[in-house]
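Written below as C-alpha cells is the structure these notes are about.
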Amino acid sequence: MNPSAQIVGIECLSMRSRPVLVAASLALLAGAVPAAAETLFGALATSYATNPELNAARAELRAVDEGVSQAVSAFRPNVQIDASVTTTRSHNPFFADQTDRATAGISFEQPIFRGFRAVNALDATRTTVLLYRERLRGLEQQVLLGGVIAYADVMRDRAIRGLYAQNVAVLGDALAAAEIRMNAGEGTRTDVAEAEALLRAAEGDAAGVDAVLVGSIASYVATIGTDPDNLAAAAPIDDLIPTGVELAVEIALSNHPSILGARYNVQIAELEVEIAEGDLLPTASLFGELSATHNAGGGFSWENEAVIGGRLTMPIFTGGRESSEVREAKNRLRQRELLAMQQEAIVRAQVITAFGQMAGAIGQLRAAEAQVAAMQRALEAIEEEVSAGQATQLDIYQVRRSLLEARVRLVAAQRDRVVASYSIAAAVGLLTAEALGLPVEVYDVYAHYEAVDTRWFGLNPPTPQP
C-alpha cells in the first residue's frame, strides 16, 4: 500500500462478519444507508455553509463594514432643523402682557479641517475591515480543519470497529469449534475455557471501541451539522501543500491570516497615534443658519435672520490629557509590533510542527503496512504448524491478536496521514473553501462592504448572506 493510501471504510468487513455491537452504537448507526456516499469535500461544504460560529463571524464582519460608512460621515455636512413655540406672560400692578413666539430654522456645519483625524480615522476603519476579514479567514480554516478531523475520526473508528467486530466473529467460531472438539473427545475443557475467555475479552474490547465511535459521531454532528450515515474514503491533499518546509514558511509569512491580522493591527495602532496627535492640532469648519420668528403679542411681526461664517479652534492647554493619550497610543503601537513578531514565530513553529507530523504519519503508515504484511505471513505459518501438530490454538489466537493490533495501527496511521496534509494547508493559510475548491458558494467579503461604505441613507442593511 502506498504511503498516501486513503482511509478505507470497513463497513464491508463488518457486514461479512457477525459483529457484537453495543446498543448505543446500534441506535446511532441504524437506518437506511443512502445510495450516494458523503465525501469529505461535501461534508466540509456543509460545515462551511451552515456552521453557526462561522456565520456569526460573517455577521460581525458586516457590522465592522458599517464603521467605514460612519467614518465617511465625518466629511459630510451636519444639517438640522430646529423649531420652537413659546408663550410669555408678564404682570404688574398696571397691566398684563402676553407674547406668543414661534421660531423655525435650519442650520448646517461643514467640517473643513479636523487635525487629520477624520482622514486617519477612515483609514483605521478600513484597515479594521481588513483585520476582521483575516479573522474570518482564520476561523474558516479552524472550522474546515475541525471538519476534516471529525470526518477522519469517524472513518477511523468505524474501520476499527469493523476489525474488532470481525475478531469477535472469528473467536465466536473458534469457541464453537472448541466445544465440538471437546464433545467429540478431541479437545479439553481447558481449550473451551481459553476460547471463551478470549471471546469475552474481545467483546469487551469491541464495546470500548463502540463507545469511542459514539463520541466521534457526536463530534461529527456538532462540527458538520449532519449525521455521518455513509462516508466515502478520504485522501490527503498533497497537491495543495508546499513541497518543503522552507517554501511553506515563506508562504505562511505572507499569507497566514493570523500574521496578516497582526500586521493590520500594527497599522491600526500607527493610525491611532496620528489620531491622538490630531487632538493637538486646530480644527476649522463652515457654519450657517437660516431662521424665521413669528411674534404674536401686541401685534404681528416676522423676523428673518441668516447667518454664515467660519470657525477656527486651536487648543492651547487642556490639562495634559491629549499628550497622555498620544503616549498611550505609542505604547500600544509598540505592544502590537511585538505581538506581530511573536505571531510570526508561532506560525513558523506551526508549519515546522505540521511537516514533522506529516513525516511521522508517513513513517508510521509504512511501518504499519509492513507489520500487517508480516503478521499475515506469521498467521499463515502458525496455521500450518497447528495442522502439523507443532502449535496450539492458543498460539493462533496470540498471532491473530497481534495482527488485529497491527491493522488498528494501520487504520490510525491512514487517518493521521490525511489529517497531517490538511494541517499543513492550515499552517500556511491555504485551508479555505476557495483553495480547496469546495462545492459551495464562497462567501463574498466585498459585497456588503461595497454596498454600505459610501451609503448616505437607509436604516435596513442590504440583504445579508447567511
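The values are calculated or read from the model by the stated rules, or taken from the named source; none is laboratory data. Quick caveat, the model's predicted, so the values are computed rather than measured. Virtual Cβ from ideal backbone geometry, glycine too; neighbours counted across all protein chains shown.
Looking for something in contact (Cβ under 8 Å) with a residue 12 or more places away in the chain, outside any helix (DSSP H, G or I), surrounded by fewer than 17 Cβ atoms within 10 Å (Cβ to Cβ) and of a type in the set (V, I, T) - is there at least one such residue anywhere in segment 225-239?
Scanning segment 225-239, I find at least one residue that is in contact (Cβ under 8 Å) with a residue 12 or more places away in the chain, outside any helix (DSSP H, G or I), surrounded by fewer than 17 Cβ atoms within 10 Å (Cβ to Cβ) and of a type in the set (V, I, T), so the answer is yes.
Spot the failing condition for D100; the list is (1) modelled with pLDDT under 95; (2) under 30 Å from L260 (Cβ atoms); (3) surrounded by fewer than 20 Cβ atoms within 10 Å (Cβ to Cβ), and only one is missed.
Here D100 clears every test but (2).
What pairs come out if I take residues in segment 331-345 that are over 13 Å from Y264 (Cα atoms) and pair them with residues that are modelled with pLDDT of 95 or more and β-branched (V, I, T) whose C-beta lies under 8 Å away, six or more apart or interchain?
Pairs that qualify, where the first residue is over 13 Å from Y264 (Cα atoms) and the partner is modelled with pLDDT of 95 or more and β-branched (V, I, T), are E344/I259.
Taking segment 307-354 as the region of interest, how many residues are touching a strand residue (DSSP E or B) at 6+ places or on another chain (Cβ under 8 Å) and of a type outside the set (A, V, I, L, M)?
Total satisfying the criteria: 4.
Being charged (D, E, K, R), touching an Asp or Glu at 6+ places or on another chain (Cβ under 9 Å) and on the phi < 0 side of the Ramachandran plot is true for just one of D238, D229. Which residue is that?
Step by step, each of D238, D229 is checked, and only D229 is charged (D, E, K, R), touching an Asp or Glu at 6+ places or on another chain (Cβ under 9 Å) and on the phi < 0 side of the Ramachandran plot.
Could you tell me which residue of segment 63-86 is farthest from the chain's Cα centre (by Cα), considering only residues that are in a strand (DSSP E or B) and of a type in the set (G, A, S)?
Per the stated criteria, the residue is S84.
Return the residues of segment 406-460 that are under 15 Å from R133 (Cβ atoms), assigned to a loop (DSSP other than H, G, I, E, B) and of a type in the set (F, W, Y); say none if nothing qualifies.
Y443, Y446
Scan segment 329-344 and give yes if some residue there is in a helix (DSSP H, G or I), touching a Ser or Thr at 6+ places or on another chain (Cβ under 8 Å) and surrounded by 11 or more Cβ atoms within 10 Å (Cβ to Cβ), otherwise no.
Yes: one or more hits.
Checking the condition among the charged types (D, E, K, R), at pLDDT below 95, buried (at least 20 other Cβ atoms within 10 Å of the Cβ) and assigned to a helix (DSSP H, G or I), which residue from D191, D173 passes?
D191
Looking at (1) modelled with pLDDT under 90; (2) at negative phi, can you tell me which one G389 breaks?
Against the list (1) modelled with pLDDT under 90; (2) at negative phi, G389 comes up short only on (2).
Take the residues in segment 405-437 that are over 12 Å from I149 (Cα atoms) and charged (D, E, K, R); name whichever of them is surrounded by the most Cβ atoms within 10 Å (Cβ to Cβ).
The qualifying residue surrounded by the most Cβ atoms within 10 Å (Cβ to Cβ) is R407.
Within the bounds of segment 111-122, is there any residue that is under 29 Å from the mean Cα position of the chain (by Cα) and not aliphatic (A, V, I, L, M)?
no
Within segment 137-151, is there a residue that is outside any helix (DSSP H, G or I) and among the aromatic types (F, W, Y)?
No, that holds for no residue.
Any residue in segment 135-153 that is more than 30 Å from G225 (Cβ to Cβ) and either touching a strand residue (DSSP E or B) at 6+ places or on another chain (Cβ under 8 Å) or surrounded by 13 or more Cβ atoms within 10 Å (Cβ to Cβ) (or both)?
no
Assess whether R377 counts as being in contact (Cβ under 8 Å) with a residue 24 or more places away in the chain and part of a helix (DSSP H, G or I).
Spelling it out, it is not the case that R377 is in contact (Cβ under 8 Å) with a residue 24 or more places away in the chain and part of a helix (DSSP H, G or I).
Quick one: in segment 244-291, of everything that is modelled with pLDDT of 95 or more and hydroxyl-bearing (S, T, Y), which residue is surrounded by the fewest Cβ atoms within 10 Å (Cβ to Cβ)?
S258
Checking V119 against (1) within 30 Å of T432 (Cα to Cα); (2) without any contact (Cβ under 8 Å) to a residue 24 or more places away in the chain; (3) in contact with a helix residue (DSSP H, G or I) (Cβ under 9 Å, 6 or more places away or on another chain), which single condition isn't satisfied?
(1)
Answer yes or no as to whether E303 is exposed (fewer than 12 other Cβ atoms within 10 Å of the Cβ) and over 30 Å from M358 (Cβ atoms).
Yes; evaluated as a whole, the condition is true for this residue.
Determine which single condition A49 fails, assuming it passes every other condition in (1) surrounded by 15 or more Cβ atoms within 10 Å (Cβ to Cβ); (2) over 17 Å from L139 (Cα atoms).
(2)
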